[in-house]
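Asker: Quick one: this structure, given as C-alpha cells, is what I'll be asking you about.
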Amino acid sequence: MKKILVVDDETDVQFLFEQRFRREIRNQEINFSYAHSGEEALSYLTKHESEFVIILSDINMPGMSGLELLKCIRTTHPLSPPTVMMITAYGDSENYDQAMQAGANAFLTKPLNFNELKEKLNNTV
C-alpha cells in the first residue's frame, strides 16, 4: 500500500482526493493522510517517520511554503528521501525551477489532472 501525505491549506482537497481515488482507497492500494500547512506536515512526518513514500505539497501556503517544506524534507531525510511532488496554481518557470532545484520529483499544476497524477503515482515505488 502506498502511503501518501497531501499538504494543502485548502480543506476541500481531502474530499477531492477521496472522491478521485475512491477505488484505490477501497482496494487498499493507497492510504492518504492530510496536513493543512508546512508546519503541520513536518510535525506529522516527525511522528510518522519512514511511513510515507510520497508527499504531495501545494507550493503557496500561509506560513511555511511548500518550497520551504521541500527543503526541510530534503535536509531531514537525505538517506531515505520520500518522493515529493509539488502542486501549484502557478505553472510559471520560476516556481518550476525553484521546486526542481530544491529537489522535487515532479511538478503539477492546478486544477490537477488526476489521470496524470495517478500515472505518476503508479510509476513511483
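The values are calculated or read from the model by the stated rules, or taken from the named source; none is laboratory data. The structure displayed is predicted, hence computed values, not measured ones. Glycine gets a Cβ as well: all are built from the backbone with ideal geometry, and neighbour counts include every protein chain shown.
Asker: Can you tell which of 9, 58 is in contact with a Pro (Cβ under 7 Å, 6 or more places away or on another chain), acidic (Asp, Glu), crowded, with 16+ Cβ neighbours inside 10 Å and at pLDDT 95 or above?
Answerer: None of the others qualify; the one that does is 9.
Asker: Out of 44, 34, 96, 90, I need the residue that is part of a loop (DSSP other than H, G, I, E, B) and of a type in the set (Ser, Thr, Tyr). Which one? Write out each step before concluding.
Answerer: Details: 44 fails: part of a loop (DSSP other than H, G, I, E, B); 34 fails: part of a loop (DSSP other than H, G, I, E, B); 96 fails: part of a loop (DSSP other than H, G, I, E, B).
Going through 44, 34, 96, 90 in turn, the sole match is 90.
Asker: Take the conditions of a type in the set (Asp, Glu), free of Cβ contacts under 8 Å to residues at least 60 places away in the same chain and farther than 19 Å from residue 25 by Cβ and apply them to residue 94. Does it pass?
Answerer: Details: of a type in the set (Asp, Glu): yes; free of Cβ contacts under 8 Å to residues at least 60 places away in the same chain: yes; farther than 19 Å from residue 25 by Cβ: yes.
When the stated conditions are applied, residue 94 passes them.
Asker: Here is a further query. Could you please find all residues in the stretch 5-24 being closer than 28 Å to residue 74 by Cβ and in a helix (DSSP H, G or I)?
Answerer: Scanning the stretch 5-24 gives 13, 14, 16, 17, 20, 24.
Asker: Given the structure, is residue 67 touching a residue at least 24 places away in the same chain (Cβ under 8 Å), more than 23 Å from residue 15 (Cα to Cα) and assigned to a helix (DSSP H, G or I)? Explain how you work it out, then say what you get.
Answerer: Values: touching a residue at least 24 places away in the same chain (Cβ under 8 Å): yes; more than 23 Å from residue 15 (Cα to Cα): yes; assigned to a helix (DSSP H, G or I): yes.
Spelling it out, residue 67 is indeed touching a residue at least 24 places away in the same chain (Cβ under 8 Å), more than 23 Å from residue 15 (Cα to Cα) and assigned to a helix (DSSP H, G or I).
Asker: Now for a separate question. Would you check which residues across the stretch 67-95 are under 22 Å from residue 50 (Cα atoms), loosely packed, with under 12 Cβ neighbours inside 10 Å and not polar (S, T, N, Q) and list them?
Answerer: 78, 79
Asker: Just to be sure before I move on: is residue 29 under 20 Å from residue 124 (Cα atoms), without any contact (Cβ under 8 Å) to a residue 24 or more places away in the chain and either in contact with a His (Cβ under 6 Å, 6 or more places away or on another chain) or not hydrophobic (A, V, I, L, M, F, W, C) (or both) in the structure I sent? Even if it seems obvious, please write down each step before you answer.
Answerer: Details: under 20 Å from residue 124 (Cα atoms): yes; without any contact (Cβ under 8 Å) to a residue 24 or more places away in the chain: no; either in contact with a His (Cβ under 6 Å, 6 or more places away or on another chain) or not hydrophobic (A, V, I, L, M, F, W, C) (or both): yes.
It is false that residue 29 is under 20 Å from residue 124 (Cα atoms), without any contact (Cβ under 8 Å) to a residue 24 or more places away in the chain and either in contact with a His (Cβ under 6 Å, 6 or more places away or on another chain) or not hydrophobic (A, V, I, L, M, F, W, C) (or both).
Asker: When you look at residue 39, is it assigned to a helix (DSSP H, G or I), free of Cβ contacts under 8 Å to residues at least 40 places away in the same chain and in contact with a helix residue (DSSP H, G or I) (Cβ under 8 Å, 6 or more places away or on another chain), yes or no?
Answerer: Here the answer is no, as residue 39 does not meet what is asked.
A quick yes/no check of all residues on (1) modelled with pLDDT of 95 or more; (2) more than 15 Å from the chain's Cα centre (by Cα); (3) of a type in the set (Val, Ile, Thr):
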position: 24; (1), (2), (3): yes, yes, no
position: 37; (1), (2), (3): yes, no, no
position: 80; (1), (2), (3): no, yes, no
position: 109; (1), (2), (3): no, no, yes
position: 113; (1), (2), (3): no, no, no
